[in-house]
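Reading through the structure tokens given below for one structure.
Please treat every number below as a calculation from the coordinates, not as lab data. Fair warning: this is a prediction, and the values are worked out from it, not measured in the lab. Counting neighbours? That spans all protein chains shown, and the Cβs are built from the backbone with ideal geometry, glycine included.
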Amino acid sequence: MNKIDYLEKCLSRQLHWIQSADARIALILPVATAMLGALSILMPVAEKWCISSAIFSSFTIFFLVLSIIFTAIASFPRTNGPKGSLIYFSGINNKETSQYKQAITQLDEENYMNDLVSQCHVNAQIAHNKFTWVKRAMSCLFISSLPWAVSIFLLYNLR
């Protein structure tokens, strides 16, 4: 197998994993926000609160806010790519057009392969970090689901 073909496919897979994490973020954030919004609409005045509704609501709010925070962390771009890369957008941007053209003209197979190796490694780290935070955000969202349903029921009955 040609190493360059393998590395190009590997880089493509890494970028796909990053897009998959971003797609999950696009689901988690609106759901968590909507759940918080539903709770806030049903919150009664202070005199009508009972212990059970306060406990369930607090638990739910804590995990929904954590979910939103973890989603925000996952969504922040990490753009620390390899220095001088001819593939990575930041490496290209740091060169003048003429410098980039000259570097591409002088690029040999070994340097291209080394750049691909660096890109695969950096993007694997990015995908790993994104999925770690997305997993945490999804876990918090799932943990909050049952107490959220109980909170909605209790808060609705307090009205």
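Details
- FRET efficiency, residue 51 to residue 121 (Cβ-Cβ, R0 41 Å, nearest 0.05): 0.20
- Spatially proximal lysines relative to residue 130 (Cα-Cα < 26 Å; intrachain offsets below 8 disregarded): 9, 83
- Ascending count of other beta-carbon atoms within 10 Å, so fewest first, for 115, 22: 22, 115
- Helix axis angle, 3-42 relative to the chain longest principal axis, alpha carbon, degrees: 20
- Ordered by the number of other Cβ atoms lying within 10 Å of each residue's own Cβ, fewest first, 88, 100 fall into the sequence 100, 88.
- When both region 27-47 and region 54-133 are represented by their alpha-carbon centers, they are found 33 Å apart.
- Assuming charge only on the beta carbon of Lys and Arg (+1) and of Asp and Glu (-1), the dipole of the chain about its Cα centre is about 480 debye to the nearest 20.
- Counting only DSSP H runs of at least 4 residues, each contributing -39500 (n - 2.57), and dividing by the residue count of the chain, the helix-based mean residue ellipticity at 222 nm comes to -29000 deg cm²/dmol.
- Crossing angle, helix 51-75 versus the chain [Cα axis fit, 0-90 degrees, rounded to tens]: 10
- Exposure proxy for 50, 10, 120: other Cβ atoms within 10 Å of each Cβ, ordered fewest to most, give 50, 10, 120.
- Point-to-point label distance, residue 142-residue 104, nm (Cα→Cβ direction, 7 Å offset): 4.5
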